[in-house]
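The values are calculated or read from the model by the stated rules, or taken from the named source; none is laboratory data. Since this is a predicted model, take the numbers as computed values, not measurements. Note that we place each Cβ from the backbone using ideal geometry, even for glycine, and neighbour counts take in every protein chain shown.
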Amino acid sequence: MDSSALIGLIALGLVFLLEGLIPFYAGRSDRYAHGLRNLSLALIAGMVGVLMTPLLSWSVQLAARHDLGRCNPIAIHPVACGVLTFVLFDLWMYAWHRMNHRIPFLWRFHRVHHTDPALDSTTALRFHPVEVLISTVLNCVLLVVLGMGLEVFALYKSVMVVVILFHHSNLRIPPHLDHGLRWVIVPPSLHRVHHSNLRWETDSDYGTIFSFWDRLFGSYRTRRTYHDIRFGIGRYDSRDWQRPLQLLALPFRPLDER
């Protein structure tokens, strides 16, 4: 088990515990069954990720061996290079997320993530294995293009998993803290808007770690109140569609208009 996976498991356990103690949306009686369904799908997608790990390592080694990427051919301090590649990789994650909403083929798989009718920390891990496969292959290309070091990539994954667990969570965060965080990272409030069943809200707030990409590229959206958000996409959100086998088959169902 790599460090990011271990950090993710610890963070998931902690956030899931806190969601039961200080929930934003109270009165959810099926949170354990809901979490088990999401984690069952996450386990399948995670197996794909594990199988793709050697390809990620090979991409990093390829870039280093042949001085490929943004940092390797130029004289730049390793710390500065690490910061640069960390930020640029997060920009790529923003672009990739936006592509998943804009390109119909990609949306077929990404909508599995968005059909969750009750947002919480386990939703952060609810992805179709084909989306994970495509994402990992493209990430390998970016690792070469950026010349991103293995240590920096491991750090990015560790930070990313903590942040996405946090911003998918059903935690009640003091408003002043939430408002302060949104200047730098994506807090729960913004990502709740992103999981709204209203298209103009779903197609916004694409940030993974940093929220300033949405401000920069015009996809930042907030709202006055968050308690009345309905999650999902307006279809495939019934209990029958929440079973792992149904979610695996969802991309092959009719594509809703976007």
Selected residue [of a type in the set (Lys, Arg), over 22 Å from residue 11 (Cβ atoms) and without any contact (Cβ under 8 Å) to a residue 60 or more places away in the chain] from 253, 243 = 253
Please enumerate the residues belonging to the stretch 85-101 that are more than 16 Å from residue 164 (Cβ to Cβ) and free of Cβ contacts under 8 Å to residues at least 60 places away in the same chain.
-> 88, 95, 99
Output for the stretch 231-258, where each listed residue is loosely packed, with under 12 Cβ neighbours inside 10 Å and assigned to a loop (DSSP other than H, G, I, E, B) | 238, 254, 257
Given the conditions (1) within 19 Å of residue 165 (Cα to Cα); (2) out of contact with any Lys or Arg (no Cβ under 6 Å at 6 or more places or on another chain); (3) not aromatic (Phe, Trp, Tyr), report the number of the one that residue 41 does not fulfil.
-> (2)
Looking at the stretch 8-29, is at least one residue assigned to a helix (DSSP H, G or I), within 20 Å of the chain's Cα centre (by Cα), at pLDDT below 90 and crowded, with 17+ Cβ neighbours inside 10 Å?
-> yes
Does residue 210 count as over 21 Å from residue 28 (Cβ atoms) and crowded, with 19+ Cβ neighbours inside 10 Å?
-> yes
Exclusive hit being within 25 Å of residue 104 (Cα to Cα), charged (D, E, K, R) and modelled with pLDDT of 95 or more, set 203, 237, 256 = 203
Output for Cβ contacts, cut-off 6 Å, separation at least six or different chains, first residue part of a loop (DSSP other than H, G, I, E, B) in the stretch 174-196, second of a type in the set (D, E, K, R), reads 187/178
Among all residue pairs at least 6 apart or on different chains, which show Cβ distances below 9 Å where the first residue, located in the stretch 1-17, is over 25 Å from residue 52 (Cα atoms) and the second is among the basic types (Lys, Arg) and at pLDDT 90 or above?
-> 16/31
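One line per residue, one yes/no per condition, for (1) crowded, with 21+ Cβ neighbours inside 10 Å; (2) within 28 Å of residue 82 (Cβ to Cβ); (3) not aliphatic (A, V, I, L, M):
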site: 107; (1), (2), (3): no, no, yes
site: 115; (1), (2), (3): yes, no, yes
site: 122; (1), (2), (3): yes, no, yes
site: 127; (1), (2), (3): yes, yes, yes
site: 146; (1), (2), (3): yes, yes, no
For residue 147, the lone unmet condition from (1) free of Cβ contacts under 8 Å to residues at least 40 places away in the same chain; (2) on the phi > 0 side of the Ramachandran plot is (1)
State whether the residues of the stretch 126-141 include one that is aliphatic (A, V, I, L, M), modelled with pLDDT under 85 and under 30 Å from residue 41 (Cα atoms).
-> no
Of the numbered conditions (1) modelled with pLDDT under 95; (2) closer than 21 Å to residue 38 by Cβ; (3) not aromatic (Phe, Trp, Tyr), residue 188 fails exactly one; give the number of that condition.
-> (1)
With criteria (1) part of a loop (DSSP other than H, G, I, E, B); (2) farther than 22 Å from residue 90 by Cβ, residue 207 comes up short on (2)
